[in-house]
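A.B. asks: Can you keep this structure in mind? I'll have questions shortly.
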Amino acid sequence: AILAQASCYRRTVQSACTKGDMAHPFSRVHATRSRFGPLAILLLLGLFGVAFMHSIAFLGAGTPGCSRVSVASPRLLTSQQVSRSSSTALAARGGDDEEEGDDDYEFAGGEVNVAALKIGQKLDGVVINIRDFGAFVDFGAEQQGLVPRSKVADGFVEDVNDHVKVGDSVPVWVSDLKNGKITLSMTPNKIYGPNQGARADLGLFTSLGDEDWVSGTVVKIMPFGAFVQVQAPSSDQMAQGLVHISQMGEGRIEDPTTVVEVGDEVKVRVIQVDTAANKLSFSMKEKSAGGRGAADLSAFEAVASDTWLEGTVKNIVNFGAFVEVVPPSGGGPAQGLVHITQIREGFVEDPGEELEVDQEVKVRVLDLNNGKLNLSMKAIQEEAESVEE
């Protein structure tokens, strides 16, 4: 390598000498007669030195005990070096950029359209960068989302690195979409901020009776119940209220998550407005079952189990649906439970996949037990067998 570069430099100098630009460094005559001779020799020695250093750097890279000399020269980057965050996301999602290449990888979730995102929507993502103020997550869209430090976990988060690492696959929920930025949450309990949306004057809710139903969204779940966000009457402002665990359904409920999940759309009644304490209390139970006087179910005692009644779905929970019916002999409406096992033949995993609130259905009375009306949407066995035949 030294000889090759030296030969190149010598030819350059000889070419310059031929043109008369400088004296030939190997000519004693020119060296002694021209004042440029010593300069040419020094120049040639300098070029030899540079060539020598380059050669040592090249040979030292593969020789034990030798250190590569750092030279300021451009170098090619591999695809893995171009974007560390991209390769991290690929590896976490199952891609193999070393063997198969980036072109062979396809995100299982498909491309996510940012314009179609909705608050509360659940996504699967990969942590690609961690900063003091939060974690950036790639969830398959053309831009990343930020999980603020306060939304990394349910409790107080001092250091994001204590909860997630770069490359971790994490579920995230869309928390906010403003000014082209996507804010995510790693916990469903922090999708909605305490002040998200304009805060309503709770006095507006005093116009509602305890029989009036309003639509709301479950924004937080605690061991003692669920917080539901609703729109105030005759206003665009929002307010949150508590559905105590005792008001979430019939019977004893041990865990609120068996009834609702964050993001669920539910129907609630306002049972208490405390403007002094700035608190709202809701119920997901029909008034007749809410402790303010039981409904008179005597009119249903004479209804045969093969008699079909028109009903309206009032509420859907994990274990079934509450349906409002009117006795055929007349009288006030009452609410009964269609257990998940009585919605239809076969296994039902989620009542919400079979029914929706305000849907008109046909039900029949199974029994009255401890002041509770049990209904069924399934045909009796004899009818089912005759239909099959």
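The values are calculated or read from the model by the stated rules, or taken from the named source; none is laboratory data. Only a predicted model underlies this, so the values are computations on that prediction, with no experimental measurement involved. Don't worry about glycine lacking a Cβ; one is built from the backbone with ideal geometry, like all the others, and counts go over all protein chains shown. For accessibility, only protein heavy atoms count, side chains too; no ligands or nucleic acids. Shrake-Rupley method; radii C 1.70, N 1.55, O 1.52, S 1.80 Å.
A.B. asks: Which ones in region 314-325 are under 16 Å from Glu353 (Cα atoms) and surrounded by fewer than 22 Cβ atoms within 10 Å (Cβ to Cβ)?
C.D. replies: Answer for region 314-325, where residues must be under 16 Å from Glu353 (Cα atoms) and surrounded by fewer than 22 Cβ atoms within 10 Å (Cβ to Cβ): Lys314, Val317, Asn318, Phe319.
A.B. asks: If you don't mind, another one. Which numbered condition trips up Leu309, out of (1) open to solvent by 40 Å² or more (accessible area, probe 1.4 Å); (2) assigned to a strand (DSSP E or B)?
C.D. replies: With respect to (1) open to solvent by 40 Å² or more (accessible area, probe 1.4 Å); (2) assigned to a strand (DSSP E or B), Leu309 is out only on (1).
A.B. asks: Failed condition for Ala321, given (1) assigned to a loop (DSSP other than H, G, I, E, B); (2) in contact with a helix residue (DSSP H, G or I) (Cβ under 9 Å, 6 or more places away or on another chain); (3) under 14 Å from Leu375 (Cα atoms); (4) free of Cβ contacts under 8 Å to residues at least 40 places away in the same chain, with all others met?
C.D. replies: Of everything listed in (1) assigned to a loop (DSSP other than H, G, I, E, B); (2) in contact with a helix residue (DSSP H, G or I) (Cβ under 9 Å, 6 or more places away or on another chain); (3) under 14 Å from Leu375 (Cα atoms); (4) free of Cβ contacts under 8 Å to residues at least 40 places away in the same chain, Ala321 misses just condition (1).
A.B. asks: Could you grab me the full set of residues in region 228-239 that are open to solvent by 60 Å² or more (accessible area, probe 1.4 Å) and at pLDDT 85 or above?
C.D. replies: In the first step, residues of region 228-239 are kept if they are open to solvent by 60 Å² or more (accessible area, probe 1.4 Å); the result is 231, 234, 236-237.
Correct list: Gln231 only.
A.B. asks: Right, here's the next one. Looking only at region 268-306, which residues are out of contact with any Ser or Thr (no Cβ under 6 Å at 6 or more places or on another chain), under 29 Å from Gly225 (Cβ atoms), surrounded by 20 or more Cβ atoms within 10 Å (Cβ to Cβ) and modelled with pLDDT of 85 or more?
C.D. replies: Val268, Val270, Leu280, Phe282, Ser283, Met284, Lys285
A.B. asks: Are any residues in region 244-262 open to solvent by less than 30 Å² (accessible area, probe 1.4 Å) and in a loop (DSSP other than H, G, I, E, B), and if so, which ones?
C.D. replies: Met248, Gly249, Ile253, Val259, Val260, Val262
A.B. asks: Which members of region 300-318 meet the condition of being among the acidic types (Asp, Glu) and without any contact (Cβ under 8 Å) to a residue 60 or more places away in the chain? Spell out how you get there, then give the answer.
C.D. replies: Within region 300-318, the subset among the acidic types (Asp, Glu) is 301, 306, 310.
Within region 300-318, Glu310 is the sole residue that qualifies.
A.B. asks: Determine whether region 192-202 contains at least one residue that is touching a residue at least 60 places away in the same chain (Cβ under 8 Å) and within 25 Å of Lys279 (Cβ to Cβ).
C.D. replies: yes
A.B. asks: Something else: List every residue pair whose Cβ atoms sit under 7 Å apart, with the two residues 6 or more apart in sequence or on different chains, where the first one lies in region 218-236 and is touching a residue at least 24 places away in the same chain (Cβ under 8 Å) and under 17 Å from Gly249 (Cα atoms) and the second, anywhere, is open to solvent by less than 60 Å² (accessible area, probe 1.4 Å) and polar (S, T, N, Q).
C.D. replies: As it stands, the answer is Ile221/Asn189; Val228/Thr217; Val228/Gln240, since those pairs meet every condition given.
A.B. asks: Another one. Please pick out the residue among Leu373, Leu368 that is crowded, with 19+ Cβ neighbours inside 10 Å and at pLDDT below 90. Before the answer, list the steps.
C.D. replies: Values: Leu368 fails: crowded, with 19+ Cβ neighbours inside 10 Å.
It is Leu373.
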